Structure formats: C-alpha cells, structure tokens
1. If we scan the stretch B:49-64, do we find a residue that is within 14 Å of chain A (Cβ to nearest Cβ) and either among the small types (Gly, Ala, Ser) or part of a helix (DSSP H, G or I) (or both)?
2. On the given criteria, is B:Val72 within 30 Å of A:Phe322 (Cα to Cα), of a type in the set (A, V, I, L, M, F, W, C) and without any contact (Cβ under 8 Å) to a residue 24 or more places away in the chain?
3. Just one of (1) aliphatic (A, V, I, L, M); (2) more than 25 Å from A:Pro403 (Cα to Cα); (3) within 21 Å of the chain's Cα centre (by Cα); (4) away from chain B (no Cβ under 14 Å) trips up A:Ile299, so point out which.
4. Please enumerate the residues belonging to the stretch A:348-374 that are in contact with a strand residue (DSSP E or B) (Cβ under 6 Å, 6 or more places away or on another chain) and charged (D, E, K, R).
5. State all residues of the stretch A:128-150 that are of a type in the set (Asp, Glu), assigned to a loop (DSSP other than H, G, I, E, B) and touching a residue at least 12 places away in the same chain (Cβ under 8 Å); if no residue qualifies, say none.
6. Within the stretch B:177-201, which residues are open to solvent by less than 40 Å² (accessible area, probe 1.4 Å) and either closer than 14 Å to B:Leu50 by Cα or part of a helix (DSSP H, G or I) (or both)?
7. Evaluate the following for A:Glu390: is it without any contact (Cβ under 8 Å) to a residue 12 or more places away in the chain, within 11 Å of chain B (Cβ to nearest Cβ) and open to solvent by less than 20 Å² (accessible area, probe 1.4 Å)?
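The values are calculated or read from the model by the stated rules, or taken from the named source; none is laboratory data. Bear in mind the structure is a predicted one, so any value in this text is a computation, not a measurement. Neighbour counts run over all protein chains shown; Cβ positions are idealised from the backbone, glycine included. The protein model used for the area step is the full one, side chains on, heavy atoms only, and it has no ligands, DNA or RNA in it. Shrake-Rupley method; radii C 1.70, N 1.55, O 1.52, S 1.80 Å.
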Amino acid sequence: MLCVSSCFRATEEEQQAQSKKALKKQQKEAEKAAKKAEKQAKLVSVSFPDRELVRVQDLTPEKADQLIWLRARVHTSRAKGKQCFLVLRQQQFNVQALVAVGDRASKQMVKFAANITKESIIDVEASVRKVEQKIESCSQQDVELHVERIFVISQAEPRLPLQLEDAVRPDGEGEEEGRATVNQDTKLDNRVIDLRTTTSQAIFRLQSGVCQLFRDTLTQKGFVEIQTPKIISAASEGGANVFTVSYFKTSAYLAQSPQLYKQMCICADFDKVFCVGPVFRAEDSNTHRHLTEFVGLDIEMAFNYHYHEVIDSITDTMVQIFKGLRDNFQTEIQTVNKQFPSEPFKFLEPTLRLEYTEGVAMLREAGVEMGDEDDLSTPNEKLLGRLVKEKYDTDFYVLDKYPLAVRPFYTMPDPNNAKYSNSYDMFMRGEEILSGAQRIHDAQLLTERATHHQIDLEKIKSYIDSFRFGAPPHGGGGIGLERVCMLYLGLHNVRQTSMFPRDPKRLTP
Amino acid sequence: MPMYQVKPVSGDMEVDLPTCMYKLPSFHDLGALRDIVINANPAQPPLTLLVLHSLLCQRYRVLSTVHVHSSVTDVPPQLLSCLGPRHADSYARHMFQLGFTLIWKDVPKVQMKFSVQNMCPIEGEANVARFLFKLLAPYPSDPAAATLVDSWLDTAFFQLAEGSAKERAAVLRALNSALGRNPWLSGPEFSLADVACYCCVLQTGSAASTPANVQRWIKSCDNLGHFGPAKRLLQ
C-alpha cells in the first residue's frame, strides 16, 4: 500500500517541551520520514491500485455524495482559519475543493493543503457535494469537493515565472484594473506554463481540428498523403531566403516548400496529393505573420480541362474546414474570444472568386492609384479585403488571374491573354493565406520562362527534367497552419498559434 | 430697427444639391465585371427578383451565381439552382457585363449592394425590384403612371404578401376592378407592377380561386414566359 508520509491523517498530537535527547530523536525521525516520502513519491508505478480517477469535467450533481479520486493541478489555495479552499484545475475545467478540520482531516492537514504550491499535481480522495449557490468562478458550478485525503504527486517550485490568471487576462482589462497581463516574450520564454492556460488549450485544440479536417476532407476527395524531403540540394523558391545546413563534406538546404516534390508526385501518376510538414523560410522579417519555421499544408492535383477544377477543390476543402470549426469547435472559439474578442469568421459556399481586374477596379473606386499589372501591396490587400467584406460579407475569397509579371517562373500564362496568368491568391480577413497556380508542365515552355526570369538553368535542371517524360496538366497551392488558425480566430500575432514559434530572434524553447 | 439680425452662417458657400438619387452605371465598357449582390433569407425567397433576373439575362450578358452564407445551414437544393444552370463561360468573369450574385443569408429583409463606394445598400424586395427594373426599362415618364406602378408595388408587398386574409381579399378585388379596365395593371403596357403582383398572388397560394379578371391576367402573364423561375420555386 502506497503510504506517503507527507499525508497527515493522524489525530491531533500535542507538542510539548522535550529534553534535548527527545528533540534530536524527533528530528531524526522527521528526516527519515521525509526521505522515505521523497523516495516513495518518485516511485510511481510501484503498485497498480484498482482506483478510477474521475475527470473534473464530469463532476456534476449526478455524482453528489459519491467518494471519488481525482488528479489535478492546484490552481489556487487559500487558508481561512480551520478551512482551506483549493481550486483544482484540469485543462480548461476547474472545481472548488474544501479541506476542513473534522473527523477526516487534522489541523496539520489543512495547513499542509494551504501550503501546497500552485501548479503542483495532487491526488485527492473526496466526496462530491452539491452547492446551493452556483460557484461562478469555476467551470463546475454546481458541486464542490470535500477532501478526505490529499497526496502530492509532483510539487511545483514556489516562484512561478508567470501567473496563469495574468496570462489569460484580456489586455484592456489589465490596464484598467491595474492588474498584470503577461507580455508575449515572457509567455513564449515560459511556454510550458503558458500553454496550460484555457486560451492556449483552446487554440491548439482548434489547430488540431484544422489539421484533421484538412486530412479528412482531402482523403475523402481521393487525395493521397505524401511525405517530402526537407534536406534538399537546391533552393526551390529562389536563393535568398533559404537556410543552409552542413551536409557531410558539402552543404545542403532546408526546403522552403514541398513544391518540387509535389509536382514530381503528379508526374509519377499519384494524380492528387497533399502533405503536412515543416517549411523553412530564412526571411529576416519580424512581423506579426512571419515565422522562420511553420507547418505547411500543401495540395497538388492533376486536372482535366481547366485549372479552375483545382481552385474549386482547394476552396471546397477550406469551406469544409470552416464548417467543421463552426459546427464542432464553438467552445474553443468562445474561450479564445474571452481573452481576444473578435468578429466570428464568415464565408460563402461556394467560395467567392473575383478576377484580379475586378479587385483593381474596386481599389480604384476607393481611391487607390495602381497600374493594371502592379502587384498588390499588403495595405492594398487589406483594403481590398475590407471592400470585399463590405460588399459580400465574407472573410474568405479567391483573387484569380494575377498579372504574369508578378508571379514565379513556373506559373502557367493565360492562353487567352498574355499579360495575365492562371494563378490565384486566397485571402482570410484581408491577409494572404495561399498563393497558387497552374504549373507549366511542358519542359520547353518552362525553360523559356526560367530564362526570361534570368534563372540559372543548371540549378533547376532536375526540376525541368521531371516534365520530360509525360506530365499531366496540374496545379495546387499551400497554406500555413499557424496563419490560418490566427486569421480564423481573429488573432493578431502568428506566435499565438505556433506552439514553439521560430523567428529571426527566437530559437528556444 | 429689427430686434435682432441673424447673421449668415456659411457665407458664400456654393452647395451642390443632388439632382438624382443614384446614377446607374454604364454597362457598355467591358472592363471589369460589375456585380450586383443580393442577400435574401431562404425562408422568404424573393420571387420578383428571380423574374427580374431572367428579364435581365435577356437584355445583358449576366453572370449569375448563388452562394450560401455561413450564417445559414441547410438551404434546399431548389434555392441553390434558382438562377438556372451555370453559364458555359463562367470561368471568365470579364466576358460578362453584369454580375448577379444571390447570397442566401440570415437577413431580416432582402438587401442589395452594388457600388459600395457610391451607394448605400438598398433594402426590401420592393426597392430592389425598382432598381433592377430600371436597368431594363425606364419608369413611365408620366408621373401619374409612375406613381401608379409604385402604388401597386407597395400594395403587393405590404398588403398582399404580408397582410391579413381581409387585406388580401381587398387587394384581389382592387386588382380585379383595375384589370377590368386595362389588360395590365398600369395601363396598356406590361410593367413592374404586373411582375410584383403576379409573384405575390402566386405566393398566397390561392391563384386558382381569384376573381375572373385576375385569372385572365394571370394567364396573360404566363403566356409572356418570364415567370418560369418563380413558378418552379413554388412547386
């Protein structure tokens, strides 16, 4: 039977003045007991008690008067005379617990409970009691626990680098009431603790949902998931923003995108593929939406007659993701909104598709001066997003037929108008989340376009070779998981949706 | 000597008084598509606008699309196809003069958005119908005739569509007597008044039991062939 001596169950013992010898004896015994406790506490898996641990979220009036075991963190503990109030927390749920002097608990036990440090993990045996007045501050509002036994499984250090209630406080509220909020860098430096907050738990559960919906939707559409190499011999998107790694006696690069390999899979007859994996961009941009490493969700597919088949596939996948989040993750969305209020995400089905010329016309009507073939600057993208929102009430849309001049060399030109291309960008809340296109699948045309862009043909020889042995017409695009989650939830910094973000200034944790 | 003098407030400022409520843009320069956006509640499909849509398609190259907004779920399939089959050229938006984008959305009233910079949204099926009709043909230049059309429009939408059984009966009697004097509601010519009243009569569900002149007029409307979309939706 597991017996930890940090649990005081004995009846009250009077402390009396002892002779030196007796005092020494007591000290020795205390040391011995403490050592035993330490040893025992670290020896979890010593025995396998037939004991069920109840989840905090299942503590409802239905369990009233039951004696249950529970493992949770100490969120807060507060002693008041002969009682100690604890709030016990498990992920986004918490419950009030009471340790009171009585026939089951001694004064020492109450004192012990009050001194357990915040965030320590404890096991309690307690009876569930209905309460008359709702406990507003907890997720379980209709019951409280009356503790009979309490064990510390893992003790937390007394000084925490940040307080969870500060980390969850909305920014404005902190300033008004003079209470602390935690700045982003502190949160990121102590990510393990920051991730315990209800907001963080909600964000990353939603992100997990996005990934799952992406996979499930594409699998249902007949796509095959592939894994592509990240250590590559040539920079795929252009030489500047690529990380170099030493590779035995030579050097290699970290992949900026799975582009080349997705296309090779299409040329290898996989027809429709997707991949989920890290993408590395050595861009020295310190903005709210750039990371040096992020998770790319990439799609590539062969099509029959028109690249709009690709756009339709991608937009339908996005709509299914949005619907899945809307219908199954409302709890998480509301939790995030408590700390970071925002407008709910709106979309149309089928997705709105505007042509680049229409976008330019809308911007010109709003007073922007730009040429027909100019690229959209970030402020113009945001303005166009607002104009589209005002007219169509959607936070997600596609801008189709970009000018050829502003797209990468492998973009297929528009056969009907040489100035434009079969390429498209997709926007969420006015920010770009996907840049895609029909790819050139003819080796000769590809060589011409690469030459036109003054690219060293030697460096992309193996890429061009992929199309020499019969290549289907194909297109695709990729999104960043972190950016999509950030924009869906209406957050303002991509680091909030990246578990352990990487940027030019951050390499740990 | 006057008791007090009011000094001029704005001095010699010239004020440009507007002379027209809104300008209808020219559809004849084929630059970018000009898109009319209509938000409607799937619980109350705007039949008049569907009829006007098919009239517009006869007059202009119209790109029609139907979307469902995220504020509603479960829109019946006939509402998704109410603007007809997808145009063969719909992959090239710039080849069309006019866009007609119908969005099924949780809105209390039909709402139209066109040139967001220059126009506020237009609300109510009657008002949107007036705008769309003006793209097809001008209102009668005779103010009395124009007012008559407007009056029938309001009667259709407020009393026929939304009124009590008593009000509806009164409207049907009025229709009957007007149609005793003229083949169409505003006189010798088919007008927006006929479109609106026909749709509202159809929506009451009791077209078969209307008075004689109304029945005759319903047949004349059917013969014109514009009301197919509205009738299909009510099936």
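1. yes
2. Judged against the criteria, B:Val72 is not a match.
3. If we test A:Ile299 against (1) aliphatic (A, V, I, L, M); (2) more than 25 Å from A:Pro403 (Cα to Cα); (3) within 21 Å of the chain's Cα centre (by Cα); (4) away from chain B (no Cβ under 14 Å), just (2) comes out false.
4. A:Glu349, A:Arg353, A:Glu355, A:Glu373
5. Of everything in the stretch A:128-150, just one residue is of a type in the set (Asp, Glu), assigned to a loop (DSSP other than H, G, I, E, B) and touching a residue at least 12 places away in the same chain (Cβ under 8 Å), namely A:Asp142.
6. First pass over the stretch B:177-201, keeping only residues open to solvent by less than 40 Å² (accessible area, probe 1.4 Å): B:178-179, B:184-187, B:191-201.
Those that are open to solvent by less than 40 Å² (accessible area, probe 1.4 Å) and either closer than 14 Å to B:Leu50 by Cα or part of a helix (DSSP H, G or I) (or both): B:Ala178, B:Leu179, B:Leu192, B:Ala193, B:Asp194, B:Val195, B:Ala196, B:Cys197, B:Tyr198, B:Cys199, B:Cys200, B:Val201.
7. So A:Glu390 fails the test.
Table: residues versus (1) away from chain B (no Cβ under 14 Å); (2) touching a Lys or Arg at 6+ places or on another chain (Cβ under 8 Å); (3) surrounded by fewer than 22 Cβ atoms within 10 Å (Cβ to Cβ).
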position	(1), (2), (3)
A:Met318	no, no, no
A:Leu325	no, no, yes
A:Gln334	yes, no, yes
A:Gln339	yes, yes, yes
A:Ser342	yes, no, yes
A:Gly359	no, no, no
A:Asp374	yes, no, yes
A:Arg386	no, no, yes
